[in-house]
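Undergrad: Input: one structure, supplied below.
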Amino acid sequence: MLSRTADNLYWLARYMERADFLARAIQASRRLAALPKAYGGDETEWESVLLSSGAALAFENSGRPVDESNVVGFLTLAPENPGSIRNCLEQARANARAVRTALTIEMWESINDAYLEMRALESRGVVPCAEELARFLELIKQTSLTYDGGAYRTMLRNDAYWFSRLGLFIERADNTARLLDVKYHVLLPEKEIVGGSLDYFQWSAILRAVSAHTAYHWVYRTSMKPWLVADLLILRPEMPRSLISCYESIVRNLDNLARAHGRQGASQRHARGVYGRLEKLTMESVFQGGLHEFVQSFIAENNRLGALISEQYLF
């Protein structure tokens, strides 16, 4: 496979996963913003979604005040924000066009249909109303599910599939880690106590953002506890969006590439190292060392893996 093709497939998957994450994060923040003021804390939910999406600096440079209308507009349809849903979808479609013959019909149509819907929404030239915004966010989530399902059910298990999966799981791990990182540093005001009503609603919103609210109760069968939520999203391999589950899939797909090419490399060794450390990790050690410190270290390791893959496969 040409390195350019591998690069397009890898980033196509990352852009699709990133758009899905943004849609989920916005929905979670809207739920928090809709809480009664008695539970609403210091109203930092829109700052938190900017931080978790990595768009805080770009938004600050725009000079706009942090409120729902400005943040949602910046993260959804703003052309000046490189990480907006609009630009993610546009970049995903551009990558998909470049490797059209490597994709199945189902995968291409899911991306192209969503892109056309987005352009139709943009063409109306007005800020989407709440109902239109809700439909648009659901469309993005559904498109991601259709694309992901199409890849899983229709693609040959070859280089194209493995590079696509790598992009998806590296992006998913990054997104889950960032969601965890903003929880106590932004969402929970200093005057609030851990385990209080605000804490409960915020953790619930984060679980809903990754479609894990029901899974939490199935696994733990208890009320919302921060260390159990962190355990679910970091160390539970049966949870598809957990860090360890993502790295289990990353290691498997990198090993498939290594067997196909007859050569191991730095990316395989690095991924196995991260996965091995996650396997030995306990939540006690995570909280003793600090959740923020753990997540920051993980994000750096995950970014390093992305760089190693690019170097090894000449992206």
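Undergrad: Scan segment 137-168 residue by residue and report those that are open to solvent by 30 Å² or more (accessible area, probe 1.4 Å) and more than 30 Å from Gln268 (Cβ to Cβ).
TA: Glu138, Leu139, Lys141, Gln142, Thr146
Undergrad: Suppose the filter is surrounded by fewer than 18 Cβ atoms within 10 Å (Cβ to Cβ), out of contact with any helix residue (DSSP H, G or I) (no Cβ under 9 Å at 6 or more places or on another chain) and either within 21 Å of Thr76 (Cβ to Cβ) or not assigned by TED's automatic domain parsing to the domain that holds Leu257 (or both); does Ala134 pass it?
TA: Working: surrounded by fewer than 18 Cβ atoms within 10 Å (Cβ to Cβ): yes; out of contact with any helix residue (DSSP H, G or I) (no Cβ under 9 Å at 6 or more places or on another chain): no; either within 21 Å of Thr76 (Cβ to Cβ) or not assigned by TED's automatic domain parsing to the domain that holds Leu257 (or both): yes.
Judged against the criteria, Ala134 is not a match.
Undergrad: Among Arg172, Arg221, Arg135, Arg236, which is the only one that is modelled with pLDDT of 95 or more and more than 14 Å from the chain's Cα centre (by Cα)?
TA: Selected residue: Arg236, the only one of Arg172, Arg221, Arg135, Arg236 that is modelled with pLDDT of 95 or more and more than 14 Å from the chain's Cα centre (by Cα).
Undergrad: Still on this structure, please answer the following. What are the residues in segment 91-131 that are modelled with pLDDT of 90 or more and open to solvent by 70 Å² or more (accessible area, probe 1.4 Å), if any?
TA: Gln91, Arg97, Arg100, Thr101, Ile105, Glu106, Glu109, Asp113, Leu116, Glu117, Arg119
Undergrad: Restricting to segment 245-272, count the residues that are out of contact with any Lys or Arg (no Cβ under 7 Å at 6 or more places or on another chain) and surrounded by 14 or more Cβ atoms within 10 Å (Cβ to Cβ).
TA: 17
Undergrad: How about segment 67-83: which of its residues are farther than 11 Å from Ile26 by Cβ and modelled with pLDDT of 90 or more?
TA: Asn70, Leu77, Ala78, Pro79, Glu80, Asn81, Pro82, Gly83
The rows are residues; the columns are (1) open to solvent by less than 60 Å² (accessible area, probe 1.4 Å); (2) at pLDDT 85 or above; (3) not assigned by TED's automatic domain parsing to the domain that holds Asn175.
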| site | (1), (2), (3) |
| --- | --- |
| Ser3 | yes, yes, yes |
| Ala19 | yes, yes, yes |
| Leu22 | yes, yes, yes |
| Ser29 | yes, no, yes |
| Ala33 | yes, no, yes |
| Ala38 | no, no, yes |
| Thr44 | yes, no, yes |
| Ser53 | yes, yes, yes |
| Phe59 | yes, yes, yes |
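The values are calculated or read from the model by the stated rules, or taken from the named source; none is laboratory data. Note that this is a predicted model, so its numbers are computed, not measured. Every residue, glycine among them, receives a Cβ derived from its backbone with ideal geometry; neighbour counts consider all protein chains shown. The area values use the complete protein model at the heavy-atom level, side chains included, leaving out ligands, DNA and RNA. Shrake-Rupley method; radii C 1.70, N 1.55, O 1.52, S 1.80 Å.
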